[in-house]
Amino acid sequence: MLDAERVVAALRGAFAREEGRHALLGLAAERIRAAGPPYTSVYLYMLHGGELVLEASSGRETDHVRIPVGRGVCGTAVATGEDQNVGDVTAVGNYLACNLETRSELVVLIRRGSAILGQIDIDSDVTGPFAEDEVAAVRRVAEALAVLL
């Protein structure tokens, strides 16, 4: 399970050392993925106008470096303003496959008040691994990023 408090502490430390946005996002991606399975790949997309732009990642590479709002699970999260916890990506009609091995996806929005800044996108090779405690842990990291960015 993800230890959100350790990730948040690492982010606060980096912020105190005046590390920039890119470093904070990269650190978040690395620390979340370091929790091990089911965290196969972690992507941090930030909202730029009408599209999400990949700014940091850890794990498998993806061709999806820009995603229009409303497209795929990531774009749907922004369009609806709701986190997405997809236990089986094969059941989603507009799913954008980052990797053929991915079986589930969790997208947690990074918000400052009502404004959506971006999102933490997590892929897993396991079907249905993200229980509410895992979702809550990722939300704590997202909340910290919203303050520190």
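The values are calculated or read from the model by the stated rules, or taken from the named source; none is laboratory data. Since this is a predicted model, take the numbers as computed values, not measurements. Every residue, glycine as well, gets a Cβ built from its backbone with ideal geometry; the counts of neighbours run over all protein chains shown.
Quick notes on this structure:
- Subset of the stretch 1-13 (residues that are free of Cβ contacts under 8 Å to residues at least 40 places away in the same chain and under 15 Å from V147 (Cβ atoms)): A9, A10, G13
- All positions within the stretch 35-50 that are surrounded by fewer than 18 Cβ atoms within 10 Å (Cβ to Cβ), free of Cβ contacts under 8 Å to residues at least 60 places away in the same chain and closer than 22 Å to T127 by Cβ: G36
- Residue within the stretch 98-118 that is farther than 18 Å from A29 by Cβ, in contact with a helix residue (DSSP H, G or I) (Cβ under 6 Å, 6 or more places away or on another chain) and loosely packed, with under 15 Cβ neighbours inside 10 Å present: yes
- Take the conditions (1) within 19 Å of G36 (Cβ to Cβ); (2) touching a residue at least 12 places away in the same chain (Cβ under 8 Å); (3) not polar (S, T, N, Q); V92 misses just one of them, which is (1).
- Elements of the type strands (runs of 3 or more DSSP E) sitting completely within the stretch 36-123 and holding at least 3 residues that are in contact with a Lys or Arg (Cβ under 8 Å, 6 or more places away or on another chain) and modelled with pLDDT of 95 or more: these cover 51-58.
- The residues of the stretch 66-76 that are under 14 Å from D123 (Cβ atoms) and aliphatic (A, V, I, L, M), listed by number, are I67, V73.
- Members of the stretch 11-27 that are of a type in the set (A, V, I, L, M, F, W, C), over 19 Å from I122 (Cα atoms) and under 20 Å from the mean Cα position of the chain (by Cα): A14, F15
- When the stretch 129-149 is filtered for residues that are outside any helix (DSSP H, G or I) and touching a Pro at 6+ places or on another chain (Cβ under 9 Å), the ones remaining, listed by number, are P129, F130.
- Criterion applied to V53, V65, V78 was being aliphatic (A, V, I, L, M) and either surrounded by 17 or more Cβ atoms within 10 Å (Cβ to Cβ) or touching an Asp or Glu at 6+ places or on another chain (Cβ under 6 Å) (or both), and the one residue passing it is V78.
- Considering the stretch 15-30, the residues that are in contact (Cβ under 8 Å) with a residue 40 or more places away in the chain, over 19 Å from E61 (Cβ atoms) and not aromatic (F, W, Y) include one that is surrounded by the fewest Cβ atoms within 10 Å (Cβ to Cβ), namely R21.
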